[in-house]
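Chemist: Provided herewith is a single structure, encoded as structure tokens, for subsequent inquiry.
The values are calculated or read from the model by the stated rules, or taken from the named source; none is laboratory data. In this text the structure is predicted, and so the values were computed from the model without any measurement. As a convention, Cβ positions derive from the backbone with ideal geometry for all residues, glycine included, and neighbour counts pool all protein chains shown. Just the protein is used for accessible areas: all its heavy atoms, side chains included, with ligands, DNA and RNA removed. Shrake-Rupley method; radii C 1.70, N 1.55, O 1.52, S 1.80 Å.
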Amino acid sequence: MRRRALGFSCVPWLAVFMAAPALAETPPPAIAACESHIPDMAVKGCDQILAAGQEMEALDFEAYNNRALAELQLHKPEAALIDAQEGIALNPENGGIHVTLARAYLALHQAQPALEAVNQAIALIPNDPRPLVLRGEIALSLGNWQADLADQNAALTHDPNSAPAYLARALAEMVGSQGAAALQDANKAASLGSHDPRLHLVRGLAAAAAWDWQKALAEETLLLKAEPDNPLGLAARAEAEARLGHYKAAIADASQAITISPDAPGAYVDRAFAEMQLGEFPAALADATAALKRNPHDASAYINRSLAELALERPKAALADANQAIALAPNNPSGYDARASVEVLQHNLVAAQADESQAIKLAPGNPAFYQKRALIELRQNQLKPALEDLSSAIAIAPDEPRLRLQRAGVEDALHQYPAEIADLTVAIDHADDNHEMVYQALLLRAGTYKLNNQPKQALADVNSAIVLNPKAPQGYSARAELAEEDGHIQEAITESSKAIALDPKYVPAYQDRAVAYGTLHQYSKASADEAKILRLQPNSPQDLNNRCWFLALDGKLNQALGYCQRALKLNPGDAATLDSTGYVYLMMKDNKQAISYYDQALKADPKLASSLYGRALAEQATGDRKAADSDFALARKYDPHIKQEFGS
């Protein structure tokens, strides 16, 4: 038969008919059906042969085996198991029927009995590659990719053209982070005529290794259409879904894989990753630990557990797990990336940067590692290296909006406004349905347009942001700033008031409105807004200073001085607060104290025109005309309008 049991040697069907007259009555269509590659037809044909009773006894073994194989194709593993056992009872020395039995056990996710059956097959037919292929697949389902790889290599020594062995080896290589070799083996299997749906699994895993998660998701979905209960496919799709931000779908797929194959570690690892993204750190820790119970050598499980422990503020345990991951898989870049995360938390930025550099060396095509190193560099105020790393990440993923937003932030710090505008534009264009990201990017671009002296473009972006989210306060606050800068003070107050009405705790709107009131010399209203701010953030040195200033301008000097002193306790060397304190003493006609505070302010900021002018007035009042003239001249040098602006 074309689908005879592995290792079964028998005379052809035609010879059986010729040698056994009792079989002559058996209708040839039943025989043809039983050996058919069409599963439903095969089951019916084999049923007819087995129903013939003693007349067909010579064919029963072959019929049981063929029916079992057809039942496996029809996803009826329980029936296949019974038929394989019946076949073994008839011919226990046939290695092929033990392979069929093993496949039935494997389809029922009973790995240990499957392993016992396939080992029996290998003992009976040691030179046949097919039971070796199956044993490797069982090992992989249990998380032992190295054993799988060894079995597939052994199978290929027996049959260098075994497409199943190439495919199975490709799966092992993918798990062992040997993506290029895996893809080569999968292509070899396809060239040998394999149409196994698991080719999609390998292609999907290869796409994942190249961080092409959309392609990975598409390939794994094709696999699962053909094999909806394939646990490796479910776990692989779960990883792709998690990387694309579909965390709930990832958890659902991983959970289904765990239900189907509870002893396989991979799905626990993938579920842990998705749980971490949702902030479910105890669950992630439990899943990573469950994976390690099933496979203590799973580096990915150590990596995920390390990150979960880090989130749960267990840095020592996190570092130990990251180190273990690196020891187990020194060529896995994610281990170094995880250790870098721990080192950042421990403020060991030099070590973190070195580990992230090693991750980049091992996976130069992964944009996330460049992004991470850029963030580490920014913590060390290394703006240009950070810009270079973000540019490297963008070269790999040019349409990723978050990378563009991050590079825009660095460009802003370097005053590279045209480049910043260009990056924010790409972020806006590629943020798709992420309305919150578009809203924030529009406001950031508006601020950059403002700094780049493009007020019309800035206002257009602010208006677009407000249309996108009319109930958010930030847009109105931004429009207030633009109105104030354009000299439309009352309009600025109106826009700030809209923001406050939407969110009574939105501090920037109060700050903007206080400044606008101050510009209109409505100092009591400005001071009242600062009081509201201080109820929301009572220890803000900036707002304590602002309230001091507006109270002083409103003539409430003793009250003002108290706020200035509180601000200085929190931020002793702040030039603006020292300047405000000097002004309060100047208005109190305590010129000695005024000069003292102005001296301190100018020590912090030698070009602060208001302090130079205020000190000049105090010096003039004490009769030190020479010092006063010198300070007046310097004040006018740094701010030609200081006389008109002072004390307002």
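Chemist: Provide the gained length on full extension for the span Ser357 to Glu93, in nm with one decimal, where the gain is 0.36 nm per separating residue minus the Cα-Cα distance. Each step should come with its number before you reach the end.
Modeler: Working: separation 264, 0.36 × 264 = 95.04 nm, distance 5.76 nm.
That pair, Ser357 and Glu93, stretches by 89.3 nm at full extension.
Chemist: Just the Kirkwood number for segment 105-259, please: inverse of mean 1/r across all distinct Cα pairs, in Å, one decimal. Please report the intermediate quantities before stating the final value.
Modeler: Values: mean 1/r = 0.0641 Å⁻¹.
So the Kirkwood estimate lands at 15.6 Å.
Chemist: With n ≥ 4 as the cut-off for DSSP H runs, can you work out [θ] at 222 nm for the chain, using -39500 (n - 2.57) per run divided by the number of residues, rounded to the nearest 500? Kindly include the intermediate steps, with their values, before the conclusion.
Modeler: On the way: 38 runs with 492 residues, N = 648.
For the chain, the value works out to -24000 deg cm²/dmol.
Chemist: Determine, from the Cβ-Cβ distance of Ile260 and Gln559 and an R0 of 56 Å, the FRET efficiency 1/(1 + (r/R0)^6), rounded to the nearest 0.05.
Modeler: Details: r = 72 Å, r/R0 = 1.29.
According to the calculation, E is roughly 0.20.
Chemist: Could I ask something else about it? Can you give me the accessible area per residue for the chain, using a 1.4 Å probe, in Å²? Please list the in-between numbers first.
Modeler: Working: 30020 Å² over 648 residues.
That works out to 46 Å² per residue.
Chemist: Moving on. With all pairs of different alpha carbon atoms counted, what Kirkwood hydrodynamic radius in Å does segment 571-648 show?
Modeler: Here the Kirkwood hydrodynamic radius works out to 11.9 Å.
Chemist: Right, another one. Given R₀ = 30 Å, what would the calculated FRET efficiency be for Asn469 paired with Leu244, taking r from the Cβ atoms and rounding to 0.05? It would help to have the intermediate numbers written out before the result.
Modeler: Working: r = 25 Å, r/R0 = 0.82.
FRET efficiency, Asn469 to Leu244: 0.75.
Chemist: Within the chain, what's the longest stretch lacking GluC sites (Glu not before Pro) that sit in DSSP loops with no more than 13 other Cβ atoms inside 10 Å?
Modeler: Details: sites that count: Glu93, Glu313.
Longest gap between qualifying sites, sites excluded: 314-648.
Chemist: Where the centre of each part is set by its Cα atoms, how far does segment 230-248 sit from segment 609-648, in angstrom?
Modeler: 69
Chemist: Local charge sum around Leu278 (other residues, Cβ-Cβ under 13 Å, Lys/Arg +1, Asp/Glu -1)?
Modeler: Numbers: positive: Lys248, Arg271; negative: Glu241, Glu275, Glu280, Asp287.
Once positives and negatives cancel, what remains is -2.
Chemist: Could I ask something else about it? Largest first, what is the accessible-area ranking of Ser496, Ser610 with a 1.4 Å probe?
Modeler: The ranking, largest first, comes out as Ser610, Ser496.
Chemist: Shifting gears a bit: Treating the angle as unsigned and between 0 and 90°, give the value, to the nearest 10°, between the Cα long axis of helix 383-396 and the longest Cα principal axis of the chain.
Modeler: Approximately 30 degrees, to the nearest ten.
Chemist: Note the direction-averaged projected area, equal to a quarter of the hull surface, for the Cα convex hull of segment 330-386, in nm².
Modeler: Working: hull surface 13.6 nm².
Averaged projected hull area, Cα only: 3.4 nm².
Chemist: What percentage of the solvent-accessible surface of the chain, computed with a 1.4 Å probe over protein heavy atoms, is contributed by carbon and sulfur atoms?
Modeler: Details: 15950 of 30020 Å².
So the carbon and sulfur contribution to the accessible surface is 53 percent.
Chemist: Keeping all protein chains in the complex and leaving out DNA, RNA and ligands, what accessible area do you get for Ile360 with a 1.4 Å probe, in Å² to the nearest 10?
Modeler: 20
Chemist: Got the relative contact order for segment 540-647 handy, in percent, Cα pairs under 8 Å and 6 or more residues apart?
Modeler: Values: 157 pairs, mean separation 20.3, N = 108.
Result for segment 540-647 is 19 percent.
Chemist: Still on this structure, I have one more. How many angstrom separate the Cα center of segment 57-91 from the Cα center of segment 362-440?
Modeler: Result: 60 Å between the Cα centres.
Chemist: Quick one: how many Å² of Asp429 are accessible to a 1.4 Å probe, rounded to 10?
Modeler: Rounded to the nearest 10, that gives 100 Å².
Chemist: Ignoring everything but the protein chains, give the 1.4 Å probe accessible area of Leu183 in square angstrom, nearest 10.
Modeler: The accessible area of Leu183 comes to roughly 70 Å².
Chemist: Please report how many Lys pairs in segment 476-577 have alpha carbons closer than 24 angstrom, counting only residues at least 8 apart along the chain or sitting on separate chains.
Modeler: On the way: Lys498/Lys525; Lys498/Lys532; Lys505/Lys525; Lys505/Lys532; Lys525/Lys556; Lys532/Lys556; Lys532/Lys569; Lys556/Lys569.
Lysine pairs satisfying the spacing and distance rule in segment 476-577 number 8.
Chemist: Taking only Cα atoms, what is the 0 to 90° angle, nearest 10, from helix 591-604's long axis to the longest principal axis of the chain?
Modeler: Here the helix axis deviates by roughly 30 degrees.
Chemist: Which whole-number percentage describes the relative contact order of the chain, with Cα contacts under 8 Å and a sequence gap of 6 or more? Display every interim value, and only then the final one.
Modeler: Numbers: 1047 pairs, mean separation 24.3, N = 648.
Relative contact order of the chain: 4 percent.
Chemist: First select every other residue whose beta carbon is under 12 angstrom from the beta carbon of Ala170; then total the charges, Lys and Arg +1, Asp and Glu -1. Walk me through the intermediate numbers first.
Modeler: Details: positive: Arg169, Lys188, Arg198, Arg203; negative: Glu137, Asp148, Glu173, Asp185, Asp196.
Overall, the nearby charge balance is -1.
Chemist: Specify the angular offset, from 0 to 90 degrees and rounded to the nearest 10, of the alpha carbon long axis of helix 401-413 from the longest principal axis of the alpha carbons in the chain.
Modeler: Helix 401-413 sits roughly 30 degrees off the main axis of the chain.
Chemist: Then there is this: Residues with beta-carbon under 14 Å from that of Leu115, excluding Leu115: net charge, scoring Lys, Arg +1 and Asp, Glu -1? Before the final figure, lay out each step's value.
Modeler: Values: positive: Arg103, Arg135; negative: Glu116, Glu137, Asp148, Asp151, Asp263.
Around Leu115, the charge tally is -3.
Chemist: How high is the relative contact order of segment 485-554, in percent, counting Cα pairs under 8 Å that sit 6 or more residues apart?
Modeler: On the way: 69 pairs, mean separation 18.1, N = 70.
Here the relative contact order equals 26 percent.
Chemist: Continuing with the same structure: Would you indicate which of [x] 3, 12, 15, 18, 21, 18, 10, 3, 0, 0; [y] 3, 12, 16, 16, 14, 11, 9, 7, 5, 4, 2, 1, 0, 0; [z] 3, 11, 14, 15, 16, 15, 13, 8, 4, 1, 0, 0 is the value of P(r) over Cα pairs in 10 Å bins from 0, in percent derived from the coordinates of this structure?
Modeler: [y]
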